[in-house]
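Colleague: A single structure is presented below for examination.
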Amino acid sequence: MNKTYEVYLVSDSTGETLDRIFLALKAQFLNFKYISHQYAFTRTKNQIIKILDICKKKKDSIILYTIVDTQLAKFLVIKSKEENIPCFGVLGDLILRFSKLLHQEASHIPSGQHVLDEDYYKRIEAIQFTMNHDDGKIINDIEKSDVVLLGISRTSKTPISIYLANRGYKTCNIPIINENSIPTKLTKNSKTLCVVGLIAEASRLLDVRKNRMNFLSEKKSGPYTDIEKIKLEVEMSKNIFKKNSWPTIDVTRKSVEESAASIIKIYDIVQSR
């Protein structure tokens, strides 16, 4: 396939939902070459006409849209069809089916998912908590955490914590240097707190740590990038997790999203006890 498609992501809100859907969609097609164009807050017919004018000037255009205003969505579909431009709505049919299932009308309000409700403020609180408790900065109120992540250096503790915080989970992450690094509150409350150990293959950690040192322009890194020392660190952390019966996740070949999804499953199990 030599074609490069021009993909137009048209949304009446921030475009976040559409962007995630497209991310999942494109992952299914290995030879899909494309250039994406994002059009957020598209809420008038004039805006749609301008987008279509741009599409017409390009070959192999595709439109994906999330527009909750049914009349505006219909206008986009009709005009796209007139110009022979493939156009796909990724929420319309789903909203309609849900409306029938729930026996109620959808609000059709753009940015409905960004409403300042209780869940929104819960996420903001979780983000603030997580940033304050990054890298073991604060541990005196660790029992307030929804999730506690433990791991040696460069096991993705911070990015996973931030992702979980954006999902509304107050997350504390603590680096493991030795067994004394573990707060006593964790071992005493190991059954009520959701504690998860993060591990990774030594070779992967070596690569990440070397890149880290290069980024910091550090020439001498000593044990930090010594493969044998890293192997000992990995084994030490595994032994700590095993001793305390804490579940572990190997992040070597997992994305942040995949690791977070596994942690949320563990959290649900802990909460159901």
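The values are calculated or read from the model by the stated rules, or taken from the named source; none is laboratory data. Quantities reported herein were computed from a predicted structural model and do not represent experimental measurements. Please note: Cβ atoms are built from the backbone with ideal geometry, for glycine as well, and neighbour counts cover all protein chains shown.
Colleague: Kindly provide the set of residues from the stretch 232-247 that are in a loop (DSSP other than H, G, I, E, B) and touching a helix residue (DSSP H, G or I) at 6+ places or on another chain (Cβ under 7 Å), ordered by number.
Modeller: Those that are in a loop (DSSP other than H, G, I, E, B) and touching a helix residue (DSSP H, G or I) at 6+ places or on another chain (Cβ under 7 Å): 244, 247.
Colleague: If you don't mind, another one. Is it true that some residue in the stretch 263-270 is surrounded by fewer than 17 Cβ atoms within 10 Å (Cβ to Cβ), more than 27 Å from residue 166 (Cα to Cα) and in the same structural domain as residue 165 (by TED's automatic domain parsing)?
Modeller: no
Colleague: While we're on this one: Give the residue, chosen from 198, 193, that is in contact with a Gly (Cβ under 7 Å, 6 or more places away or on another chain), under 27 Å from residue 139 (Cα atoms) and of a type in the set (A, V, I, L, M, F, W, C).
Modeller: 198
Colleague: Six or more apart or on different chains, Cβ under 7 Å: which pairs go from a residue in the stretch 244-260 that's under 21 Å from residue 187 (Cα atoms) to one that's in a helix (DSSP H, G or I)? Could you list them?
Modeller: 244/187; 247/266; 248/241; 249/259; 249/262; 249/263
Colleague: May I ask you to list the residues in the stretch 95-120 that are assigned to a helix (DSSP H, G or I), at pLDDT 65 or above and not acidic (Asp, Glu)?
Modeller: 96, 97, 98, 99, 100, 101, 102, 120
Colleague: On to the next question. For a quick check of your reading of the model, give me the residue pairs whose first member lies in the stretch 178-204 and is closer than 19 Å to residue 156 by Cβ, whose second is at pLDDT 90 or above and among the basic types (Lys, Arg), with beta-carbon atoms closer than 8 Å and at least 6 apart or on different chains.
Modeller: 197/238; 198/157; 199/238; 200/154; 202/231
Colleague: Those residues that are of a type in the set (Lys, Arg) and farther than 26 Å from residue 20 by Cβ, I need them from the stretch 40-78; list them, please.
Modeller: 45, 56, 57, 59
Colleague: Every residue in the stretch 34-82 that is within 13 Å of residue 15 (Cβ to Cβ), touching a strand residue (DSSP E or B) at 6+ places or on another chain (Cβ under 6 Å), in contact (Cβ under 8 Å) with a residue 40 or more places away in the chain and not hydrophobic (A, V, I, L, M, F, W, C), please.
Modeller: The answer is 65, 66.
Colleague: Checking the structure you have, find out if any residue of the stretch 26-49 is in a helix (DSSP H, G or I) and in contact with a His (Cβ under 9 Å, 6 or more places away or on another chain).
Modeller: no
Colleague: Restricting to the stretch 1-25, name every residue that is assigned to a loop (DSSP other than H, G, I, E, B), closer than 21 Å to residue 75 by Cα and charged (D, E, K, R).
Modeller: Residue satisfying the conditions is 12 alone.
Colleague: Hey, does the stretch 254-273 have a residue that's outside any helix (DSSP H, G or I), of a type in the set (Lys, Arg) and over 25 Å from the mean Cα position of the chain (by Cα)?
Modeller: yes
Colleague: Within the set of pairs 6+ apart or on separate chains, which have a first residue in the stretch 159-171 that is outside the structural domain of residue 137 (by TED's automatic domain parsing) and hydroxyl-bearing (Ser, Thr, Tyr), a second that is at pLDDT below 95 and in a helix (DSSP H, G or I), and C-beta atoms under 8 Å apart?
Modeller: Every condition considered, no pair remains.
Colleague: Turning to a different aspect of this structure: Can you tell me which residue in the stretch 1-18 is surrounded by the fewest Cβ atoms within 10 Å (Cβ to Cβ), limited to those that are more than 10 Å from residue 65 (Cα to Cα) and not hydroxyl-bearing (Ser, Thr, Tyr)?
Modeller: If we take residues in the stretch 1-18 being more than 10 Å from residue 65 (Cα to Cα) and not hydroxyl-bearing (Ser, Thr, Tyr), then 2 is surrounded by the fewest Cβ atoms within 10 Å (Cβ to Cβ).
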